[in-house]
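**Student:** Dropping the structure in here first, questions after.
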Amino acid sequence: MIRISEDLKGMASHSIIEISKKAPADSLDLTVGEPDLPADPDVVEGIKMALSEGLTRYTADEGILELREHICEQIKAKYGLSYSPDEVLITPGGAGSFYAAMKAVTNPRERVALQSPWYPGHFRSLKVMGCEVIPLRSFEEGSPVRVSPEAVPRGVSAIALCSPHNPTGQVLSAEEMEALQRRALEEDAALVVDVTYEELTPTGKVFLPPSRENLLISGSFSKSLCITGLRVGYLAGPREAVEAAKKVQLAFGLCANSLGQRGVLEAYRKGMRRVPKVREEYLNRARRCQGILQEAGIKTFQPDGGFFLFPYVARRSRDVASRLAAEGIVTVPGYPFFGPDGEGHLRIALIRPLSELEPAVRRMAEVIRGL
Ligand SMILES: Cc1ncc(COP(=O)(O)O)c(C=O)c1O
């Protein structure tokens, strides 16, 4: 018999994509965090060019230089933090970036403080690498709570945050970021911030801590360019950490998809001109749907960014999700997917047009109130 890694044994093998696959064909599937808008046309154009240029080989391990230069410029313009292109690694999506970053700064059996409720991919990555996860609570009964640096125990090797947050939609404040960075520095720990949804905020940016010293920025083009399948993200941070992350990446994926990289480069060359439309569309959906739930008396935070609502349903989330699924509306229960702090909530991905979302959210509100 084959022996399976101890680190994987206790781990749930269900994924949100699996719930989606089981949804009846005539139901409204609001599960997977994947934009419904078409891929950014400039990316598509870039891929066509890449194919005619024969760009189907490995790129440099760290990714296409011009793409890394654009990312450095973008981080400088948004946050005033200076990185050189050799401090940026192009990765297979934000997922590849987070994994490489965390593996680079932790050892098996070390403790990592993870914002909670958590994005399941973060939790899974940390468990695969054998880390112990310490929940860092940032949301309670439908509302954000201040993330307290005092909740970070001694001896952690990293603090991992997500802003805007999946599933809650909250953006951590400048004060929270600064305090958590200070706390991480006290422990000689890394502060890893996942900014996958940063473009889907009103200003297109979030708050980052003031110093580059222990900061690792994990980003993605999946959502803002609507290209989840192309697998392009990035990691920016101090040279030695990014070099270490590159070693991890060399072990699991070599480099990011060459066509995807070329596509994203084309979108940068054209000034990321479609992104504001994507932003406006998802922010508008979030405002309208949150308004419906709020009016119905369901505690729901108006997201600072991203395309999720995470209402508090005050009951076992699996029961409520099953009840809604019986009505043809499929959502993700807050527990077990987003950890124990997700219990009592549902995640609704706003990945259908408002003409379908609004009646569905009204029906959801009726069902939840009737429970
Ligand atoms: C917070 C967060 N980070 C990272 C990812 C991974 O996305 P990708 O690997 O497609 O960039 C997701 C996907 O849903 C996410 O929600």
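The values are calculated or read from the model by the stated rules, or taken from the named source; none is laboratory data. These numbers come from a predicted model, not from an experiment. Methodologically, a virtual Cβ is constructed for each residue, glycine included, from the backbone with ideal geometry; neighbour enumeration extends over all protein chains shown.
**Student:** Restricting to segment 45-62, count the residues that are at pLDDT 95 or above and either outside any helix (DSSP H, G or I) or not assigned by TED's automatic domain parsing to the domain that holds Ser224 (or both).
**Tutor:** Going through segment 45-62 one residue at a time, the tally reaches 1.
**Student:** If you go through segment 136-151 one residue at a time, do you hit one that is closer than 25 Å to Asp61 by Cα, outside the structural domain of Leu283 (by TED's automatic domain parsing) and either touching a Lys or Arg at 6+ places or on another chain (Cβ under 9 Å) or crowded, with 24+ Cβ neighbours inside 10 Å (or both)?
**Tutor:** No; the residues of segment 136-151 include none that is closer than 25 Å to Asp61 by Cα, outside the structural domain of Leu283 (by TED's automatic domain parsing) and either touching a Lys or Arg at 6+ places or on another chain (Cβ under 9 Å) or crowded, with 24+ Cβ neighbours inside 10 Å (or both).
**Student:** Do we have Ala251 as of a type in the set (A, V, I, L, M, F, W, C) and in contact with a helix residue (DSSP H, G or I) (Cβ under 6 Å, 6 or more places away or on another chain) here?
**Tutor:** On the way: of a type in the set (A, V, I, L, M, F, W, C): yes; in contact with a helix residue (DSSP H, G or I) (Cβ under 6 Å, 6 or more places away or on another chain): no.
No.
**Student:** Now for a different question. Over 21 Å from Thr31 (Cβ atoms) and in contact (Cβ under 8 Å) with a residue 12 or more places away in the chain: which single residue out of Leu265, Leu283, Leu293 fits that description?
**Tutor:** Leu265
**Student:** Here is a further query. Do any residues in segment 228-243 that are within 13 Å of Val105 (Cα to Cα) have Cβ atoms under 6 Å from those of residues that are more than 16 Å from the ligand (Cβ to nearest atom), where the two are at least six apart or on different chains, and which pairs are they?
**Tutor:** Arg239/Glu87; Ala241/Ala104; Val242/Glu87
**Student:** Residue by residue through segment 297-318, note down the ones that are in contact with a Leu (Cβ under 8 Å, 6 or more places away or on another chain) and free of Cβ contacts under 8 Å to residues at least 40 places away in the same chain.
**Tutor:** Within segment 297-318, Ser317 is the sole residue that qualifies.
**Student:** Name the one entry in Leu215, Leu250, Leu230, Leu254 that is more than 16 Å from the ligand (Cβ to nearest atom), over 14 Å from the mean Cα position of the chain (by Cα) and under 18 Å from Thr196 (Cα atoms).
**Tutor:** On the way: Leu250 fails: under 18 Å from Thr196 (Cα atoms); Leu230 fails: more than 16 Å from the ligand (Cβ to nearest atom); Leu254 fails: under 18 Å from Thr196 (Cα atoms).
Among Leu215, Leu250, Leu230, Leu254, only Leu215 is more than 16 Å from the ligand (Cβ to nearest atom), over 14 Å from the mean Cα position of the chain (by Cα) and under 18 Å from Thr196 (Cα atoms).
**Student:** If I ask for residues that are out of contact with any strand residue (DSSP E or B) (no Cβ under 6 Å at 6 or more places or on another chain) and not in a strand (DSSP E or B), which ones from segment 329-343 would you list? Working first, answer last.
**Tutor:** Of all residues in segment 329-343, those out of contact with any strand residue (DSSP E or B) (no Cβ under 6 Å at 6 or more places or on another chain) come to 333, 335-338, 340, 342-343.
Across segment 329-343, the qualifying residues are Tyr335, Pro336, Phe337, Phe338, Pro340, Gly342, Glu343.
**Student:** Still on this structure, please answer the following. Has segment 235-247 got any residue that is closer than 23 Å to Tyr197 by Cβ, within 13 Å of the ligand (Cβ to nearest atom) and either modelled with pLDDT of 95 or more or surrounded by fewer than 23 Cβ atoms within 10 Å (Cβ to Cβ) (or both)? Step through it out loud before you land on a result.
**Tutor:** Step one: filter segment 235-247 for residues closer than 23 Å to Tyr197 by Cβ, giving 235-237, 241-242, 245.
Still in the list and also within 13 Å of the ligand (Cβ to nearest atom): 235.
Narrowing the set further to residues that are either modelled with pLDDT of 95 or more or surrounded by fewer than 23 Cβ atoms within 10 Å (Cβ to Cβ) (or both) leaves 235.
Checking segment 235-247: at least one residue is closer than 23 Å to Tyr197 by Cβ, within 13 Å of the ligand (Cβ to nearest atom) and either modelled with pLDDT of 95 or more or surrounded by fewer than 23 Cβ atoms within 10 Å (Cβ to Cβ) (or both).
**Student:** What single numbered condition from (1) modelled with pLDDT of 95 or more; (2) part of a loop (DSSP other than H, G, I, E, B); (3) within 16 Å of the ligand (Cβ to nearest atom) fails to hold for Arg273?
**Tutor:** (3)
**Student:** Could you please let me know if Lys223 is within 15 Å of the ligand (Cβ to nearest atom), more than 23 Å from Ala60 (Cα to Cα) and modelled with pLDDT of 95 or more? Reasoning before the result, please.
**Tutor:** Numbers: within 15 Å of the ligand (Cβ to nearest atom): yes; more than 23 Å from Ala60 (Cα to Cα): yes; modelled with pLDDT of 95 or more: yes.
Criteria met by Lys223.
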